[in-house]
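Below you'll find the structure, written out as structure tokens, and then a few comments.
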Amino acid sequence: MSYVQSYSASVPYSGSVSYGASQSGGTAHYSGSVPVHITIQVNTAPFDGSVDRCNTTIDLLNGAVVAMKAAQCAAISETSQKISNTLINGFFNVVDKEIGQQLVQLDSEVKSSFGLLQGQSKDVDKQRGVMETDYHRIASRYVTLFADLDEECRKRIYALDRPSFALAEKVSGALLGDAAKKDAASAFVAAAEEAVSETQLLVSTLRKKTREVISTLREYITQEGRMGALVASCLFNEKPKDKVTYLLPALWIEKDLLDGTDLAQETVVPACAGADAVAAALRDAFGNGGRGTFVTMEEGEFALLAKEFNALSEARFAGGEAGAETDEKSRRVYQTILALWNGMGVPKTARAGQEEA
């Protein structure tokens, strides 16, 4: 786009002129400024035309690039689709052919095995028929033989004791006849007797269970009375004149963490009545920066404590509980524990007993 720019300025000047002697002679000085006005007209039409032509060319190039990119993406997508289809179809064709070959092989094996089984089944059926025929023939022969033997044995036994069999037949006939006549009356009598018997059995069972329950309750009440008497004998119904102080073992632990953060504090109190109050008192005494009240342990008490500590530490480490492979490690742990224990200010008597151990 053409434009016109104007500038205005002034150019100062100064100088001196010497002139000859007229009357007195001398030098004349002069100065001043000359105004300057400059107008610049810039014609940008050729440049603007070249910029427009460049923009048009760039737009055409951009369109060509976009079209080439779209064609390239389409070609890549089409090529990848063809490749993937070829791979998938080839894979499935290979799998299909492999499965088909396996099916044909398995079908032939199944058919051959089925034919073999059919042949073996026919042989088994034929052998079973032969065995059944032999069994029936042999069984019929032995059945006839045993039937003849049974009949011959029955005849001989009957002949040896004929009077007894005759008497038995006569008596059984008479009894069966009398029983048939007495069936109607005996049915009612039997029903009544059965009902009475069932009632008596039920009452007897109830009495037995009631007796067992009463016996159990009596034993329970007797045992409860004995336990109450035993507990009462162990108790003293006395009121203390003054307040009684009970002492509980408590442990306040302050741990120095390896990462350099604040100290970790822990309270260990045995689980019993008042343990929560003891733990709260320990936290109030030590947890808020206080030092609490320390009582020096007597030398005899510390000696007993050292004795128990020595017994536990020796049983755990010095005795080789961990096995032969960790004896060296157990020994180092045991020595470290002893060094920590001796560093706590153990009295000489307790330490002497520990060193002897």
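Values for this structure:
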{"item": "Over segment 62-116 - Rg/Rh using Cα atoms and the Kirkwood inverse-distance radius", "result": "1.57"}
{"item": "At 1.002 mPa s and 20 °C, Stokes D of segment 61-174 from Kirkwood alpha-carbon radius, µm² per second", "result": "88"}
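FYI, it's all coordinate maths here, none of it is from the lab. Please read all numbers here as calculations on a predicted model, not as lab measurements.
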